[in-house]
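The values are calculated or read from the model by the stated rules, or taken from the named source; none is laboratory data. Keep in mind the model is a prediction, meaning the values are calculated, not measured. So basically every Cβ, Gly included, is an ideal-geometry build from the backbone, and we count neighbours across all protein chains shown. Surface accessibility is based on the protein's heavy atoms, side chains included, excluding ligands, DNA and RNA. Shrake-Rupley method; radii C 1.70, N 1.55, O 1.52, S 1.80 Å.
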Amino acid sequence: MATYPSSHRPPVETESSAFYKVAALLLGLTAGVVGIFAVLMWADARDDASAATPAAAVESAGGEAADQHAAADHNTALPLASFAGVVPENAAELAEAHKPYDATLPPAPTGDVVQVQMTLKDMTVEVAPGVKYNTWAFDGHGAPGPIVHVREGQKVEMTLTNGGAIPHSIDFHAARIAPNVAFRDVAPGESIEFSFVASDPGVYMYHCGTKPVLAHIANGMYGAIVVQPKEGLPPVDNEYVLVGSEWYLNGDGIAEPASLDMGKARARMADWITFNGYANQYVTHPLTADPGDTTRFWVVAAGPTNNVNFHVVGAMLDRAWINSDMTQFQRNVQTAVVPAGGGAVFDVTVPDEGLYPFVSHAFADVDLGQVGLLKVGNPKGSMSH
Ligand SMILES: [Cu+2]
């Protein structure tokens, strides 16, 4: 029976509504009784299990395997163990000793053709101080792979050699090309060659596109390609490339290297989230600028799943080319989303000496290591020690 807001009279109890109330009460009682039986049966089953014979225990182990299979079918076996923030005691020392990924944008080669050669390699890298991880790495660099820098209009001739144990591939977001041909799988020991004209300026992700892509990206198979606009950009003083990504570990990686926990990757439960592959590396080893400098950040969010919500504390993104749309920029942006699989370019002018953290402003990501410092001038003290 519908009631209407215009009527303030109490609803009239009719015979039929009384009937439904009684019926509902009976149904409720039935449900309660069924529930009690269910609890009793569950208790019975528990008693049986505790009195199990060794033979039954073997059967039960088989059942456990079947359960695990069922869990795998549902993609994620719960509960998932987190190794977030787990580092050895000498972590601070190890962080100091770590050689940071060089974020400096390398110069773009001249000429009409740029040859890029990469050899895939399975290798163990550190993703945080003392935390080792088994990656599938582009060109022996660990993760990210090498920064590729070309000019708009140049032809990129790519040669990929698979020095790993399983098939891999390379997918350039900067390329307009048939992916079934250029981005196809390469068997171990084999190579693939393809070329494309870098016709779209901006900063783009490249990555392995072999299935399951989630696993290949999560294992470190990604990098950035910068395509410098033909007409140029406003001149700046420093240029850095930052690739955001996250790591999903099946162990803490301290005594022995961790590998991918696919369940955690699917559940988006990262252990470490990084710029250029290593947690907090630019906190310990800051990027640098002089007072008054304009610094250009070429930012890619490699994921496999997370965006980078790029923000520089104490500064503005004075020019923000969102989604690598180099035809226009926004001014004075506080935070810009770089979507997973996307890129963006930010110019930041800092007049005063100081330590300016750059972060993904989704602060769970900062907590897991996606933060660095832009050290402007030679400020006294430090936020990192
Ligand atoms: Cu791969």
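Details
- Taken along the Cα-to-beta-carbon direction at a fixed 7 Å, the label points for residue 81 and residue 112 span 5.9 nm.
- DSSP bridge orientation in the stretch 205-323 - percent antiparallel, rounded to nearest 5: 55
- Residues whose amide H comes within less than 5 Å of that of residue 251, counting only those at least five positions distant or on another chain, are 259 (H built at 1.01 Å from N in the peptide plane).
- Note on the stretch 132-223: Rg/Rh from Cα positions, Kirkwood definition for Rh, rounded to two decimals, is 0.95.
- 3J(HN,Hα) along the stretch 102-118: 6, 7, 5, 5, x, x, 7, x, 8, x, 8, 10, 10, 9, 10, 10, 9 Hz, from the Karplus curve 6.51 cos²θ - 1.76 cosθ + 1.60 with θ = phi - 60°, whole Hz, x for Gly and Pro.
- The value of relative contact order for the stretch 113-203, using C-alpha pairs under 8 Å at least six residues apart, is 30 percent.
- Per-peptide average of other Cβ atoms within 10 Å, ordering 96-104, 205-213 highest first: 205-213, 96-104
- Mean Cβ neighbour count within 10 Å, used as a protection proxy, ranking 279-292, 128-141 highest first: 128-141, 279-292
- Amide proton proximity set for residue 135, modelled H, under 5 Å, gap of 5+: 123, 124, 125
- Å² of accessible area per residue within the stretch 149-201, as computed with a 1.4 Å probe and no ligands counted: 45
- Within the accessible area of the stretch 287-364 (1.4 Å probe), percent carbon and sulfur: 46
- D_trans [Stokes-Einstein, Kirkwood Rh over alpha-carbon pairs] for the stretch 183-340, 10 °C, 1.306 mPa s, µm² s⁻¹: 90
- With 0.36 nm allotted per residue and the present C-alpha distance subtracted, the residue 124-residue 176 stretch has 15.4 nm of extension available.
- Heavy-atom accessible surface of the stretch 335-385, averaged per residue, reaches 42 Å², computed with a 1.4 Å probe.
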